[in-house]
1. Look through GLU188, GLU159 and report the one residue that is of a type in the set (D, E, K, R), under 30 Å from MET252 (Cβ atoms) and in contact (Cβ under 8 Å) with a residue 40 or more places away in the chain.
2. When both residues are 6+ apart or on different chains and their Cβ atoms are under 7 Å apart, which pairs have a first residue that lies in the range 199-211 and is open to solvent by 10 Å² or more (accessible area, probe 1.4 Å), and a second that is of a type in the set (Lys, Arg) and not in a loop (DSSP other than H, G, I, E, B)?
3. Is the range 163-173 home to any residue that is within 26 Å of HIS99 (Cα to Cα), over 23 Å from the mean Cα position of the chain (by Cα), open to solvent by 40 Å² or more (accessible area, probe 1.4 Å) and modelled with pLDDT under 95?
4. Can you give me the number of residues within the range 75-119 that are touching a Ser or Thr at 6+ places or on another chain (Cβ under 8 Å), away from the ligand (no atom under 16 Å from the Cβ) and assigned to a helix (DSSP H, G or I)?
5. Go through the range 142-162 and give me each residue that's in a helix (DSSP H, G or I) and either more than 20 Å from LEU216 (Cβ to Cβ) or open to solvent by 10 Å² or more (accessible area, probe 1.4 Å) (or both).
6. Would you be able to tell me the number of residues in the range 178-190 that are among the aliphatic types (A, V, I, L, M), within 15 Å of the ligand (Cβ to nearest atom) and either farther than 25 Å from ASP5 by Cβ or open to solvent by 10 Å² or more (accessible area, probe 1.4 Å) (or both)?
7. Does the range 183-240 hold any residues that are of a type in the set (Val, Ile, Thr) and under 26 Å from PRO291 (Cα atoms), and which are they?
8. What pairs come up if the first residue lies in the range 222-239 and is in a loop (DSSP other than H, G, I, E, B), the second is buried (at least 20 other Cβ atoms within 10 Å of the Cβ) and among the basic types (Lys, Arg), and their beta carbons are under 6 Å apart, counting only those six or more places apart or on different chains?
Amino acid sequence: MIYLDNAATTKTAPEVIEAMLPYFGEQYGNPSAIYSLGSAAKKAVNQAKRAIAAAIGAKQEEIYFTSGGTEADNWALKCAAEAYQEKGKHLITTRIEHHAVLHTCAWLEKKGFEVTYLPVNEEGLVDLEELKAAIRPDTILISVMFANNEIGTIEPVAEIGAVAREHGILFHTDAVQAFGQLPLDVEELRIDLLSASGHKVNGPKGIGFLYVRSGLKLGSFFHGGAQERNRRAGTENVPGIVGLEAAAERAMRLMEEKTKKVSGLRDYLIRKIEAEIPYCRLNGHRTKRLPGNVNFSFSFVEGESVLIMLDMKGICASSGSACTSGALDPSHVLLALGRSHEEAHGSLRMTLSEENTREELDYVVESLVEILRKLREMSPLYEDFLKRGGAYVQ
Ligand SMILES: *Cc1c(COP(=O)(O)O)cnc(C)c1O
């Protein structure tokens, strides 16, 4: 199997599993209990908080564990909107956010908030002038993702943070794809709220965190016990928290080496596809791009068909169209770049890790050449194109 879907989830690192195991076994104490079995668990939770805070330039008491990126995004947006609604009811975000942000914004709109969805340019970058122009006296929150999960584009987070701070507006960033992959310092970047997730950085699923700048009056999203200093009720997911810490430490330790290797593989794959497959177009920014992200639109084909045929060759990838209940929804991210519905449907995302090799990528491109030739031969769109005088240039 060749796994090229690391933006969807990553392999749990063996050292992460190793670190978690005792907390599924003999270390089963409840961190809220006062006997030593409980305080050992509490110690592990606090140690994890310290390590994760250090990884993003935050303080220990600014880290709150959640069930993942989705909960962190929901909490940040819903509770910031609620806490600051006296000041205003306007939020700014982008058209290319993850659904955890976009669907939360849609819910807030139903509750009487107003949301501006910033457009992006052809490469997926937010324009700072458009951001400034969208700011109103009643704007309370700007939420812009650190890096996009589909096309890999890295947003100008430092500049956005500076604009937000200058206007006295809170800045939230969904850093699920950036945490552990890119250097990140919340002080330097003037971030007030940051969401991250374990399973995108070789950690376990079902654990993540929200960074909340101290002094911010964010209320609780969950109500119940007094865990997490009364801000996030529910018995802590101790094994998950310990696994997240191990994953974060591993990611920080390997970041430089991994970035070098994975971005080298990425550029190799991009060059090879562009050289060997006609009628393709790279989606996202060529250099301001996550190390492992490759996303192409191939004319005259459906991404879903490409995926199924890749699967038969043992290759796992992802497409910009999700086939839900028989209706094909083109990716909102690709549409925001200005791609046509056809181009959005013909997209393929391959997200790499340090475990991939050039030999694997050679096999992937070889397979793609064959698959695309077959699919295009069957495509009425392609037949039309040939009739109009187009030629298969290979
Ligand atoms: C995966 C992802 C999420 C959701 O995180 P979960 O931990 O799976 O809930 C949110 N935002 C982005 C950008 C993601 O890639």
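The values are calculated or read from the model by the stated rules, or taken from the named source; none is laboratory data. The model shown is predicted, which means the values in this text are computed figures rather than measured ones. Reconstructed Cβ throughout: ideal geometry from the backbone, glycine too, with neighbour counts over all protein chains shown. What goes into the accessible areas is simple: the full protein's heavy atoms, side chains included, and nothing from ligands, DNA or RNA. Shrake-Rupley method; radii C 1.70, N 1.55, O 1.52, S 1.80 Å.
1. GLU188
2. Close Cβ pairs satisfying both conditions: ASN202/ARG250.
3. No, because not a single residue in the range 163-173 is within 26 Å of HIS99 (Cα to Cα), over 23 Å from the mean Cα position of the chain (by Cα), open to solvent by 40 Å² or more (accessible area, probe 1.4 Å) and modelled with pLDDT under 95.
4. Final tally of qualifying residues: 1.
5. Scanning the range 142-162 gives ALA158, GLU159, ALA162.
6. Final tally of qualifying residues: 2.
7. VAL186, ILE191, VAL201, ILE207
8. As it stands, the answer is PHE222/ARG232, since those pairs meet every condition given.
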